[in-house]
1. If you go through region 26-35 one residue at a time, do you hit one that is small (G, A, S) and outside any helix (DSSP H, G or I)?
2. How many residues are open to solvent by less than 10 Å² (accessible area, probe 1.4 Å) and either hydroxyl-bearing (S, T, Y) or modelled with pLDDT under 95 (or both) if we restrict to region 98-130?
3. What number of residues within region 131-186 satisfy the criterion of being touching an Asp or Glu at 6+ places or on another chain (Cβ under 8 Å), modelled with pLDDT under 95 and either assigned to a strand (DSSP E or B) or closer than 30 Å to S314 by Cβ (or both)?
4. Of all residues in region 1-24, which are part of a loop (DSSP other than H, G, I, E, B) and under 21 Å from P208 (Cβ atoms)?
5. I need the full set of residues from region 68-97 which are more than 30 Å from M1 (Cβ to Cβ), open to solvent by 10 Å² or more (accessible area, probe 1.4 Å) and not aliphatic (A, V, I, L, M), in order please.
6. Can you name the condition, by its number, that A257 falls short on among (1) in contact with a Pro (Cβ under 9 Å, 6 or more places away or on another chain); (2) part of a loop (DSSP other than H, G, I, E, B)?
7. Just the residues that are in a helix (DSSP H, G or I) and among the hydrophobic types (A, V, I, L, M, F, W, C), please, taken from region 85-130.
8. Out of the residues in region 272-289 that are within 15 Å of the chain's Cα centre (by Cα) and among the hydrophobic types (A, V, I, L, M, F, W, C), state the one that is farthest from A196 (Cα to Cα).
Amino acid sequence: MEQRHLGRTGLRVSRIGLGTLTWGRDTDEHDAADLLKTFWEAGGTLVDTADVYGDGEAEYLLGKLMDGLVPRRDLVISTKAGSVPDPDRRFDGSRGHLLSALDASLARLGTDYVDVWHVHAFDPHTPLEETLHALDLAVGSGRARYAGVSNFCGWQLAKAATWQLAAPGMRTRLASTQLEYSLLQRGVEREVLPAALDLGIGLLPSSPLGRGVLTGKYRGDATPPDSRGASEHLAPFVAPYLDDTASRIVDAVTTAADGLAVTPLQVALAWVRDRPGVAAPVVGARNAQQLTAALSVEALSLPDEICRALDDVSAPVHRYPDHDWSTL
């Protein structure tokens, strides 16, 4: 699998990442092992997790598999901290919480360091410089090799990155940002992606298949019984992308796939993988068969005319004062 630099750093990652959102909850140890081995054998390196996935079970399971199945040195492990199970405070970006969470992640993963450590979300109740200082301490101590953020909007990302760049050599440059990005969700193109491109921050798209909807499995009001749309935990996650707008985009993806003699999954994943600023879409597969289908996109590059057609049918609404307001 082709390797790409993560932002403006020397770290290289596989251009498709493996997500572990369902590990330890809907994905058991056997299926997780098959997924990790399939990914590794295909040349994949970037494995993304978080301390709250499966209440910590995803990290624990990944650590257990690294112990005997896949060498730690062959993987680029990305994890996140900052989400908390508190109805009054969903995110805790305090230095104390973040560093404690990192130590707990390392213990579950059974490793001395993570390759990329992300702040899971912006915490409006903690000074941003305190949150970013935790990243500096993590990298300075060797517990994290690179740092990034997740779910930061445009101004939050720009403010964080600029703060870090204001003291070169003393503060840790942001390597990456992780947000949802697909043909069904192009909101990052308004302000986040332009900021990331300008600041040299690599984008790691989550849900690049539109929460599974872009595979075409939900066409015609169908909900396969083994799909996430039928899952008690994930049905509310899929539901927002089952409207008429999404249906038109899925129809266009399916038409493109038929014309290229490939699958809708391959078209949708190739589109987001090759967007400017994208380092590696993170794919969450239910089993090794699904993952193999996603990894088969490696040999596919979409023709320019197909990309333009998909751009048109899925174009987000840009209004003043979005970054390209002068073209409106």
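The values are calculated or read from the model by the stated rules, or taken from the named source; none is laboratory data. In this text, all values refer to a predicted model and were calculated from it rather than measured experimentally. Cβ coordinates were reconstructed from backbone atoms using ideal geometry, including for glycine residues, and neighbour counts include every protein chain displayed. Remember, those area values only see protein heavy atoms, side chains included, never the ligands or the DNA or RNA. Shrake-Rupley method; radii C 1.70, N 1.55, O 1.52, S 1.80 Å.
1. No, every residue in region 26-35 fails to be small (G, A, S) and outside any helix (DSSP H, G or I).
2. 1
3. Qualifying residue count, region 131-186: 0.
4. The answer is M1, E2, L6, G7, L11, R15, I16, T20, L21, T22.
5. Result: P85, D86, P87, D88, R89, R90, F91, D92, S94, R95, G96, H97.
6. So the condition that A257 fails would be (2).
7. The answer is L98, L99, A101, L102, A104, L106, A107, L109, L128.
8. Once the filter is applied, the top-ranked residue is A285.
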